[in-house]
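To start, the structure itself, in structure tokens.
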Amino acid sequence: MIVSCPKCASRFHVADKALGTDGRKVRCGSCAHAWMQKPIVEEAPVVAEVAFVDPAPEPAPAPKESPPEPTKAKLPRPAAPRQRPTSISRIVIWLVFIVLIAGILAGGYRYRQLVVNRWPSATGIYEAVGVSVIPPPSYSFTFVKEKVETKFETVDGKSVLSVSGVITNKSTRPRPVPQIRIFVRDKDRKLVQTWDFSIEKKSLKAGESADFKTMIKNLAPGADKIEFKFRYPGQMSKGG
């Protein structure tokens, strides 16, 4: 039997025995579309009984008539030849195309942060062409809260605040490790001090973790709590 693909209309020959009585799932060799093919049941021909009768006598010849006049019709006019676009038209088309592409690229650059927030995988594209963006949380680093530790230590006879912990690369590709900023706040959550530092490892593989540790000297009076934040290249240029 002949089977036709419902998607691309390609036709194939399939043995009737291969489909069985209930049909089976087949796949198109052209577009790989799969569907359930039922066997095609051909209807049995209708048989009617025919009674043979004697032929009727031939009718008398009709009188000869004059031949009918030929039907007149106007011939259709040939279609006008299709005009090819002139060189000026081609130039205009190319200019419109260039302006459209330039507009898309300009919009992608101007709204790059919105783009990576909507589609995190676009972060790698921007980074590949050297455009700085702030990766979304699902495509960047994170602090392991259970590993964060703060304590006072004595260094050179002075009391300093030691801050240590672990960061993890949550993305699916190796990424450069950003700088870390510590925000020191008082009991009223007012910012009283900031502290920036970098860890020894410059990059982490996908899913890889690394330890960090820093010492905050000359801790601001009234310090009560600290917060962590990554500083990506796009934020450093803005002083964030």
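The values are calculated or read from the model by the stated rules, or taken from the named source; none is laboratory data. Everything numeric here is computed off the predicted structure, so don't read it as measured data. Counting neighbours? That spans all protein chains shown, and the Cβs are built from the backbone with ideal geometry, glycine included.
Miscellaneous remarks
- Residue match in segment 147-155 (condition: surrounded by 14 or more Cβ atoms within 10 Å (Cβ to Cβ) and either modelled with pLDDT under 90 or under 41 Å from the mean Cα position of the chain (by Cα) (or both)): yes
- Within segment 216-235, restricting attention to residues that are out of contact with any strand residue (DSSP E or B) (no Cβ under 7 Å at 6 or more places or on another chain) and under 27 Å from residue 133 (Cβ atoms), the residue that is modelled with the highest pLDDT is 232.
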